[in-house]
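The values are calculated or read from the model by the stated rules, or taken from the named source; none is laboratory data. The model shown is predicted, which means the values in this text are computed figures rather than measured ones. Glycine gets a Cβ as well: all are built from the backbone with ideal geometry, and neighbour counts include every protein chain shown. These area figures cover heavy atoms from the full protein model, side chains too; ligands, DNA and RNA do not enter into them. Shrake-Rupley method; radii C 1.70, N 1.55, O 1.52, S 1.80 Å.
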Amino acid sequence: MKGEASLPGIYVIKSLVTTNGVSDEKIEPEKPKEKSHRQWMCAIIATLSLFTMGMIVGWTSPVIPKFGEDPEAPSLDEHQVSWVVSLVYFGGLFSPLATGLLMDRCGRKAGLILTSAEAILSWVVLLFTKSPTGVYVGRFLGGTVGGSAFTVVPIYICEIATPKVRGALNSITLIMAWCGVLFEYAVGPYVSYFTLNLLSGIVPLLVLLLTFIMPESPYYYTMVNQPTKAAQSLAWLRCTTTHHIHTELLTIQETVSDAMIHKKGMTDLLGTSGNRKAFLMTSVLVIVTRLSGISVIIAYAAQAVPDSGFITTDQCAMLICGTWIVVGLLATSLISRFERKPLMVVSCLGCSLATFIYGLYHFLQTNTNLNLAPYTWVPLTSLILHSAFFSVGLGCVPNMVQGELFASNIKGVASGTTCIVIAITSFLTNKLYYPVAELMGIHVNYWFYTVACIGGALFSHYVLLETRNKTLQEIQIELTGEGKVTPNLEPNPKDSPII
């Protein structure tokens, strides 16, 4: 009578014995205490794809000084460097939709496997090329990793997690990305160009191997009409028996069934009011995230801070990245205790203040005769302030909302389209950074980020739908205008946050 689910691939399921259609169980067994360690394990493995993406994005900061100096690295000028930085986001234009279709047809795990394969190929190209064109190709392939990872990871996590831990699990996507960036910042300055690429290529290979021990999403199994596998997967993830997941499984079946009535595709993405609202919210949030200046700060962290003589520019970059990680860990607790909207408002306003201060420093430096030597600490301080406020909301809430707002039948296409929006915004932000700085001054870039963040705060306050502690079904009810759901706002302090 206790159909215990074992490790993935070794599932066992036992049904209740019935007589004349009536169960011989007179009393339903008491549901065991909720456990989430398997959800955490799967989420951590899935978000390692974001770690590899962070390595690819953070690679430029320590490598730019090596171009032309390290005999193993190609010699690139400033114009070519701008392409190296921005092409990684251009590559992100081409993988999201393909990954979205793959994860809907072959499973969420297939999307994660593709992400690791793309990363391995990217590092192999960078490892064995010394021409600018080869570097461009490697960076373009690296960009496909980000597009694929941001398409599949948020959806996989939202589909395996309970509402109580969903926010905390999604927030580690940011932490993993920052850890990948920190890996490059910490290792890159102290090893050769070839060694850095070799070490970076080993990581996605390990991630690929770990992916095979994860279970498939119960939502996907439900979508492809495999209810037994869906029950087995859900029971294993909840650390319980198939006996105790009946209610949740019915909810999943109902949610997927309602969503699958509608035809999948791009037309359906904008064909219903609920999907249009979800697409508007996610698109605006990811655009604001990139227009906050985060892509530029990651790519040029070591070059963005003047040498104060107290610490090196490489150490400044590691300090900025360390702030992303530490505050990101704190954010997992905040997300479990506070609603998404106020976190986004605070995050946007804090980032706007930081970019305004950074821009003001450079404006005074280039347009006045003021002696700013005593204030060389201002750029680093403002970027650390930006890192802290970014991690609180902009860094995690958009990814979380992306996995929460879309109906099951449209998630793949919607997530892929959202990643294309991210790629376009990031590509333009990074490619225009040098031209705008040369034409009008570096302060114009950062003051533009200030205005974008203020707009993001207003949008989050007045338009964004609150999703905290709501099931995916309840979120769809609100999006389609069928009613307003009042969630249970009691946090679970022992289960939800990382710390």
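How would you order 103-116, 161-174 from highest to lowest mean count of nearby Cβ atoms within 10 Å?
Top to bottom by mean Cβ count within 10 Å: 161-174, 103-116.
Counting C-alpha atoms alone, how compact is segment 44-146: give Rg to one decimal and Dmax as a whole number, in angstrom.
14.4, 47
Pop a pseudo-label 7 angstrom from the Cα along the beta-carbon direction at both SER257 and ILE311 and give the gap in nm to one decimal.
According to this spin-label approximation, the distance is 5.7 nm.
Rounded to two decimals, what is the ratio between the C-alpha radius of gyration of segment 253-391 and 2.2 N^0.38 Å?
1.42
Kindly report the accessible area of the chain per residue (heavy atoms of protein chains, probe 1.4 Å, no ligands, DNA or RNA), in Å².
For the chain, the solvent-accessible area averages 40 Å² per residue.
What order do you get for 186-196, 217-227 when each peptide is scored by the mean count of other beta carbon atoms within 10 Å, highest first?
Top of the packing list down: 217-227, 186-196.
Between THR368 and GLN303, what's the calculated FRET efficiency when r is the beta-carbon distance and R0 is 25 Å? Round to 0.05.
0.65
Zone of LEU428 (label point 7 Å along Cα→Cβ, backbone N under 20 Å): which residues in segment 268-295?
The answer is 279-295, whose backbone nitrogens lie closer than 20 Å to the label point.
How large, in percent, is the carbon and sulfur part of the accessible surface of segment 103-153 at a probe radius of 1.4 Å?
74
Among PHE279, MET318, ILE357, pick out the residue whose Cα is farthest towards the positive end of the charge dipole of segment 235-368, where Lys and Arg carry +1 and Asp and Glu carry -1 on C-beta, about the Cα centre.
PHE279
From the phi angles alone, apply the Karplus equation (6.51, -1.76, 1.60; θ = phi - 60°) to segment 436-445 and give each ³J(HN,Hα) in whole Hz, x where the residue is Gly or Pro.
Going residue by residue, I get 5, 4, 6, 7, 10, x, 5, 5, 5, 4 Hz, with x marking Gly and Pro.
For segment 321-388, which whole-number percentage of the solvent-accessible area (1.4 Å probe, protein heavy atoms only) is attributable to carbon and sulfur atoms?
Here it works out to 73 percent.
At 0.36 nm per residue, minus the direct Cα-Cα distance, what do GLU438 and ALA117 gain on full extension? Give it in nm, one decimal, please.
The span from GLU438 to ALA117 would gain 111.7 nm if fully extended.
Would you rank PHE212, PHE406, PHE389 by solvent-accessible area, highest first, keeping every protein chain in place and using a 1.4 Å probe?
Result of the area sort, largest leading: PHE212, PHE389, PHE406.
Sort the following peptides by mean Cβ neighbour count (other Cβ atoms within 10 Å, averaged over residues), highest first: 69-77, 93-101.
93-101, 69-77
Evaluate the charge dipole of the chain about its Cα centre and quote only its size in Debye, nearest 20, assuming +1 on the Cβ of each Lys and Arg and -1 on the Cβ of each Asp and Glu.
In debye, rounded to 20, the chain gives about 700.
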